[in-house]
Structure formats: C-alpha cells, structure tokens
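Undergrad: Here it is, the structure in full.
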Amino acid sequence: MKLAAALDVLGQIRMILILGLPHVFRAIYAQPSLIFNWTALSRISFANVWMAFGQGSDENTREDKSKLITPHATGVVLDLGAGHGYTASYLDRTKVTKYVALEPNNLMHTHIREKAQAAGFSEANGTLLILSCGAEDIPSIMSSVHSKADTIVSVLSLCTVPNPQNTLLSLVQDVLAPGGEFLFLEHVLSHRADVAWWQKFWTPIWVYVFDGCRLNRPTHLWVKELVDESGESTWSEGRYWDYPCWPEEHLFWRQFGRFVKK
Ligand SMILES: C[S@@+](CC[C@H](N)C(=O)[O-])C[C@H]1O[C@@H](n2cnc3c(N)ncnc32)[C@H](O)[C@@H]1O
Ligand SMILES: *[C@@H]1O[C@H](CO)[C@@H](O)[C@H](O)[C@H]1NC(C)=O
Ligand SMILES: *[C@@H]1O[C@H](CO)[C@@H](O)[C@H](O)[C@H]1NC(C)=O
C-alpha cells in the first residue's frame with residue numbers, strides 16, 4: 001500500500017478535530033460536568049462532523065444505494081445508525097409501510113425527521129419511528145417496534161456497534177422476519193494484508209476521533225457466515241460485492257451486501 005494512501009487518514013483526523021472540537025469546547029463551557037462524559041462529548045463532535053461529511057458520503061454512494069435499497073426494502077424497514085436519515089430517501093413509498101430509524105445520537109434526530117418527512121414518513125401517522133437506543137439493545141428494539149422488521153438496512157454503522165457479531169446474530173434471529181432482507185453498505189477489513197495492516201494500525205486512534213468507528217471489522221464475512229441454532233446458514237440467498245469505483249488500496253474499503261433470511 002502506498003504510504004500516501006495509508007497516511008490519508010491523518011488529513012481526515014485533522015478535519016474532524018477542526019470541525020468537532022470547537023463544539024466540544026463550547027458544550028463544556030456551557031456545562032462543565034460534561035468533561036466527565038466521553039459519550040456525550042463524542043456525540044457532540046460527531047453530530048457536527050456529520051453535518052459536513054454526511055451529504056458527501058450519501059452523494060458518493062447514491063447510485064449504488066438506489067440499486068441496493070430501493071428495489072429490496074419493503075414493509076417495516078429498520079435503519080441501523082440512521083444518522084441524518086439519508087436512507088429514507090431511497091425507500092419506495094409504495095412498498096415500505098414504516099421507517100424505523102435507530103439512532104442513539106439524539107442530536108441527529110431533527111435531521112431524520114426532516115428527511116423522513118420529505119420521503120413521506122411521519123411520526124404523526126405512525127409511518128416513522130425514531131429509536132434512541134443502540135443496535136445492540138435488542139430488547140428495546142423489540143418492545144418499541146412490536147412487529148418484526150421486513151428489512152434491516154445498515155449504511156456505515158456496523159463499524160461502531162458494540163459486540164457486533166452477537167448483535168448481528170440477535171438482530172437477524174430475533175428482529176428480522178422470515179424471508180426478510182438484510183441490506184448493508186459497510187467499510188470492512190481489507191482482504192489485502194498490507195491494507196489490513198494499516199487498518200489495524202489506525203483503528204485505536206480512529207476509534208476515539210470518529211465516535212467509536214473501527215476500521216478492522218470483517219463485517220461482510222460475519223454477515224455471510226451467520227448460522228441458526230442448528231448450525232445451518234441463516235440465509236436462503238445472499239452475496240456481497242465490491243464498491244465498484246473505489247481502489248482496493250483504501251483504508252475504508254467498502255462492501256455492499258444483500259442477504260435474504262430463510
Ligand atoms: C457513519 S454514521 C452513518 C449514518 C447513516 N447510516 C448514513 O449513512 O448517513 C454512523 C452512525 O451510527 C450511529 N451509531 C453509533 N453507535 C451506534 C450503535 N450502538 N447502534 C447503532 N448506531 C450507532 C452514529 O451515531 C452515527 O449516526
Ligand atoms: C452521558 O451522556 C449520554 C449521552 O448524552 C447520556 O445518555 C448519559 O446519561 C450521560 N451520562 C452521565 C453519567 O451523565
Ligand atoms: C403520513 O404522513 C406523511 C407526511 O405528512 C405523508 O406524506 C404520508 O402520505 C402519510 N402516510 C399515510 C399512510 O397516511
């Protein structure tokens with residue numbers, strides 16, 4: 001891997017600190033006790049960083065997300081780590097009955113409401129539900145959603161979820177309906193040893209700057225390898241594929257995936 005590509009992340013860390021730190025300092029000034037709450041500060045920083053990065057991140061992947069999400073999302077759609085709710089704009093209103101946006105960072109909820117409203121989903125008529133819990137909090141998800149999810153979408157979120165393998169297993173086993181689809185776009189651990197080395201090198205630093213995000217997770221493999229209680233594949237069909245126009249030599253090497261539950 002070229003050193004320039006490996007060190008590219010330094011520029012991003014610099015940008016993130018420039019965008020996030022002023023808000024963090026302002027928040028501490030207004031409420032000094034926040035200095036003891038890393039989660040709160042990290043979320044304040046991330047909410048402001050995403051104001052700058054979110055739209056670009058969405059636009060770069062628009063074409064591919066419309067192929068992944070629009071034709072396959074149906075019924076009750078659970079969006080893990082909804083962010084600003086960009087996923088809502090890919091949902092086909094004639095096939096999706098409810099958009100459940102799970103987003104533990106409350107500072108992002110107004111954006112979710114706006115995007116969802118524009119796409120035809122609102123809390124007033126029960127077509128939008130915003131959850132403040134994490135994806136790992138399966139009991140809260142189940143008690144709030146009532147029915148099972150027909151589709152689970154994850155766009156660049158499984159890098160942040162705690163206990164990702166257990167969380168994935170429970171989400172698919174307990175929350176996703178039989179015949180339901182798991183659709184993802186995630187940056188993952190590279191299959192190239194040199195890129196993977198740098199991903200592992202940066203992760204302990206990156207995790208602090210970017211709200212717990214890890215570069216070293218083989219999320220696509222974890223999804224593919226999910227098995228049920230009898231040890232058989234959870235999926236009746238499924239595959240993952242490369243993000244077409246990105247170089248392999250990328251620390252944020254991405255995979256799309258579409259898996260259908262038995
Ligand atoms: C990189 S952003 C992606 C947002 C959105 N999916 C998009 O593509 O625009 C990752 C999101 O995951 C959220 N997140 C953090 N911890 C989480 C958790 N435990 N469960 C679910 N989402 C989480 C963050 O707050 C953040 O909004
Ligand atoms: C820290 O902040 C988070 C997020 O704002 C909040 O949920 C949590 O209750 C806070 N923890 C403490 C100890 O105040
Ligand atoms: C729910 O409200 C939204 C936003 O006002 C609207 O676009 C949508 O058509 C409504 N859906 C139903 C099923 O009433």
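The values are calculated or read from the model by the stated rules, or taken from the named source; none is laboratory data. Keep in mind that what you see is a predicted model, and the values were worked out from it rather than measured. Virtual Cβ from ideal backbone geometry, glycine too; neighbours counted across all protein chains shown.
Undergrad: Out of contact with any helix residue (DSSP H, G or I) (no Cβ under 6 Å at 6 or more places or on another chain), hydroxyl-bearing (Ser, Thr, Tyr) and touching a residue at least 24 places away in the same chain (Cβ under 8 Å), is that true of Ser230? Before you say what the answer is, go through the steps one by one.
TA: Numbers: out of contact with any helix residue (DSSP H, G or I) (no Cβ under 6 Å at 6 or more places or on another chain): yes; hydroxyl-bearing (Ser, Thr, Tyr): yes; touching a residue at least 24 places away in the same chain (Cβ under 8 Å): no.
In short, no.
Undergrad: Also, I was wondering about something else. Do the conditions hold for Thr97, that is, is it surrounded by fewer than 21 Cβ atoms within 10 Å (Cβ to Cβ), outside any loop (DSSP other than H, G, I, E, B), touching a residue at least 12 places away in the same chain (Cβ under 8 Å) and away from ligand 1 (no atom under 13 Å from the Cβ)?
TA: Working: surrounded by fewer than 21 Cβ atoms within 10 Å (Cβ to Cβ): yes; outside any loop (DSSP other than H, G, I, E, B): yes; touching a residue at least 12 places away in the same chain (Cβ under 8 Å): yes; away from ligand 1 (no atom under 13 Å from the Cβ): yes.
Yes; evaluated as a whole, the condition is true for this residue.
Undergrad: Condition first: among the β-branched types (Val, Ile, Thr), at pLDDT 95 or above, more than 16 Å from ligand 2 (Cβ to nearest atom) and not in a loop (DSSP other than H, G, I, E, B). Can you find one or more residues in segment 157-164 that meet it? Break it down into steps so the answer makes sense when it comes.
TA: So in segment 157-164, the residues among the β-branched types (Val, Ile, Thr) come out as 160-161.
Restricting the remaining residues to those that are at pLDDT 95 or above gives 160-161.
The next check asks that each one be more than 16 Å from ligand 2 (Cβ to nearest atom); those that pass are 161.
Filter once more, keeping what is not in a loop (DSSP other than H, G, I, E, B): none.
No, segment 157-164 contains no residue that is among the β-branched types (Val, Ile, Thr), at pLDDT 95 or above, more than 16 Å from ligand 2 (Cβ to nearest atom) and not in a loop (DSSP other than H, G, I, E, B).
Undergrad: Which one of Ala73, Ala88 is touching a strand residue (DSSP E or B) at 6+ places or on another chain (Cβ under 7 Å), buried (at least 18 other Cβ atoms within 10 Å of the Cβ) and either modelled with pLDDT under 95 or in a loop (DSSP other than H, G, I, E, B) (or both)?
TA: Details: Ala88 fails: either modelled with pLDDT under 95 or in a loop (DSSP other than H, G, I, E, B) (or both).
That would be Ala73, the only listed residue that is touching a strand residue (DSSP E or B) at 6+ places or on another chain (Cβ under 7 Å), buried (at least 18 other Cβ atoms within 10 Å of the Cβ) and either modelled with pLDDT under 95 or in a loop (DSSP other than H, G, I, E, B) (or both).
Undergrad: Based on what the data block shows, is Asp150 assigned to a loop (DSSP other than H, G, I, E, B) and away from ligand 2 (no atom under 16 Å from the Cβ)? Step through it out loud before you land on a result.
TA: Working: assigned to a loop (DSSP other than H, G, I, E, B): no; away from ligand 2 (no atom under 16 Å from the Cβ): yes.
No; evaluated as a whole, the condition is false for this residue.
Undergrad: Another one. Give the residues of segment 1-52 that are more than 24 Å from the chain's Cα centre (by Cα), within 16 Å of ligand 2 (Cβ to nearest atom) and not hydrophobic (A, V, I, L, M, F, W, C), sorted by residue number.
TA: Listed by number, the residues that qualify are Arg26, Gln31, Pro32, Ser33.
Condition check ((1) in contact with a strand residue (DSSP E or B) (Cβ under 7 Å, 6 or more places away or on another chain); (2) over 24 Å from Arg43 (Cβ atoms)) across all residues:
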residue: Met108; (1), (2): no, no
residue: Pro139; (1), (2): no, no
residue: Thr151; (1), (2): yes, yes
residue: Leu158; (1), (2): yes, no
residue: Pro162; (1), (2): no, no
residue: Thr167; (1), (2): no, no
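Undergrad: Would you call Val49 modelled with pLDDT of 95 or more, part of a helix (DSSP H, G or I) and either buried (at least 16 other Cβ atoms within 10 Å of the Cβ) or within 9 Å of ligand 1 (Cβ to nearest atom) (or both)? Spell out how you get there, then give the answer.
TA: Details: modelled with pLDDT of 95 or more: yes; part of a helix (DSSP H, G or I): yes; either buried (at least 16 other Cβ atoms within 10 Å of the Cβ) or within 9 Å of ligand 1 (Cβ to nearest atom) (or both): yes.
Yes; evaluated as a whole, the condition is true for this residue.
Undergrad: Here is a follow-up. Asn163 fails exactly one of the following numbered conditions: (1) within 16 Å of ligand 3 (Cβ to nearest atom); (2) in contact (Cβ under 8 Å) with a residue 12 or more places away in the chain; (3) not aliphatic (A, V, I, L, M). What is the number of that condition?
TA: (1)
Undergrad: Given the condition out of contact with any helix residue (DSSP H, G or I) (no Cβ under 9 Å at 6 or more places or on another chain), within 16 Å of ligand 2 (Cβ to nearest atom) and over 16 Å from Thr74 (Cα atoms), answer yes or no: does some residue in segment 106-117 qualify?
TA: Going through segment 106-117, the residues out of contact with any helix residue (DSSP H, G or I) (no Cβ under 9 Å at 6 or more places or on another chain) turn out to be 109-110, 113-114.
Filter once more, keeping what is within 16 Å of ligand 2 (Cβ to nearest atom): 109-110.
Imposing the further condition that a residue be over 16 Å from Thr74 (Cα atoms) reduces the set to 109-110.
Taking every residue of segment 106-117 in turn, at least one turns out to be out of contact with any helix residue (DSSP H, G or I) (no Cβ under 9 Å at 6 or more places or on another chain), within 16 Å of ligand 2 (Cβ to nearest atom) and over 16 Å from Thr74 (Cα atoms).
Undergrad: Now for a different question. Could we say that Gly54 is closer than 20 Å to Val155 by Cα and surrounded by 15 or more Cβ atoms within 10 Å (Cβ to Cβ) here? Don't jump to the end; show me each part of the working.
TA: Details: closer than 20 Å to Val155 by Cα: yes; surrounded by 15 or more Cβ atoms within 10 Å (Cβ to Cβ): yes.
Criteria met by Gly54.
Undergrad: Testing Ser89 on (1) small (Gly, Ala, Ser); (2) within 16 Å of ligand 3 (Cβ to nearest atom); (3) farther than 22 Å from Ser144 by Cβ; (4) touching an Asp or Glu at 6+ places or on another chain (Cβ under 6 Å), one condition comes back false. Which one is that?
TA: The failed condition is (4).
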